[in-house]
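The values are calculated or read from the model by the stated rules, or taken from the named source; none is laboratory data. Predicted model, so just to flag it, every value in this text is computed and none were measured. Virtual Cβ from ideal backbone geometry, glycine too; neighbours counted across all protein chains shown. Surface areas here come from the heavy atoms of the whole protein model, side chains and all, with no ligands, DNA or RNA. Shrake-Rupley method; radii C 1.70, N 1.55, O 1.52, S 1.80 Å.
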Amino acid sequence: MTPTLSYSPGACSLAPHIVLEEIGLPFQLSSVSTTDGSNRTPEYLRLNPKGKVPVLIYGDSVLTEVPAILLFLAYSNPDRGLLPETTDGTVRAVEWCNWLSGTVHAVAVRQVWRPETFSERTEQYPDIIAKGKKNLADAFGLIESRLADTDWAVGYEYSVVDPYLLVFYRWGNRMGFDMRGQYQAWTAHTLRVLERPATLRALTTEDISVWQ
């Protein structure tokens, strides 16, 4: 059956969207806006009680969480070369995805964009946001150092990690970080990802830009 990806334009669901375009097989998209609350409707919560995007429906199965979806797509389409063939390469991809999802996104990004997640006291929000930006600056510096001597995040080939990194680069721009000026290796990596037709198709469909 044709898989369906529930996504929100510009959200972390952009990464599996790009990977589906890379695979090149038919798939469907279902837009779920995280800004108008459609991710909290009873219908969507029956599909994903977490109330988050993305969700991948394939056959009779429902899969959530970006790292899980990326790995599933890569393993289900081994001929596309979306994961390294070695055990070390695969676990390095998992290492990247877990950190990006569980620390950079779930903590630092949410501190900046969703301070209410961490406190109900609105007077604390400025401090939470400031700490989130500090945490992001530390994470972005680590990403920059990891990309300094390589074209791709894992090994020498493109993998599912690379479009995931694109998501955070775009978010950095939207948060006001000087991504081009401060993170030259990551910018060069981003430009390589943008050269791929699959990336451009996904960005066009979602009507978004990496630069704003």
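What the table below lists for this structure:
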quantity: Chain lengthening between Ala188 and Arg174 when straightened (0.36 nm per residue, less Cα-Cα); calculated: 3.2 nm
quantity: Value of [θ]222 nm, deg cm²/dmol, for the chain, DSSP H segments ≥ 4, -39500 (n - 2.57) each, nearest 500; calculated: -15000 deg cm²/dmol
quantity: Residue-span extension gain [Ser30 to Tyr125] - 0.36 nm each, minus C-alpha spacing; calculated: 30.9 nm
quantity: Carbon + sulfur, % of accessible area of the chain - ligands and nucleic acids excluded, 1.4 Å; calculated: 50
quantity: Beta bridges by DSSP in the chain, antiparallel share as percent, to the nearest 5; calculated: 65
quantity: Which labelled figure in (i) 43, 39, 33; (ii) 73, 44, 30; (iii) 51, 47, 32 is Cα extents along the principal axes in Å, once derived from the coordinates; calculated: (iii)
quantity: For Ala108, net neighbour charge (Lys/Arg +1, Asp/Glu -1) across residues whose Cβ lies under 9 Å away; calculated: +3
quantity: Choice from Gln182, Gln28, Gln124 showing the highest fluctuation, given a GNM over the chain with Cα pairs closer than 10 Å; calculated: Gln124
quantity: Choice from Leu100, Leu71, Leu191 with maximal GNM fluctuation in the chain (Cα, 10 Å cutoff); calculated: Leu191
quantity: Which of Thr117, Val167, Thr34, positive extreme of dipole for the chain (C-beta unit charges); calculated: Thr117
quantity: Longest exposed-site-free window of the chain, the sites being trypsin sites (Lys or Arg not before Pro) in a DSSP loop that have at most 16 other C-beta atoms within 10 Å; calculated: 122-212
quantity: Contour minus Cα-Cα distance for Thr205 and Val107 (0.36 nm per residue); calculated: 32.4 nm
quantity: Most mobile of Trp113, Trp186, Trp152 in a GNM of the chain (Cα contacts under 10 Å); calculated: Trp113
quantity: Per residue, in Å², the accessible surface of the chain once ligands and nucleic acids are set aside, probe 1.4 Å; calculated: 50
quantity: Low-density loop positions, GluC sites (Glu not before Pro), region 89-121 - DSSP coil, at most 14 other Cβ in 10 Å; calculated: Glu120
quantity: Under the span-like rule (Cα at least 27 Å along the axis, Kyte-Doolittle mean at least -1.0), DSSP H helices of the chain; calculated: 125-147
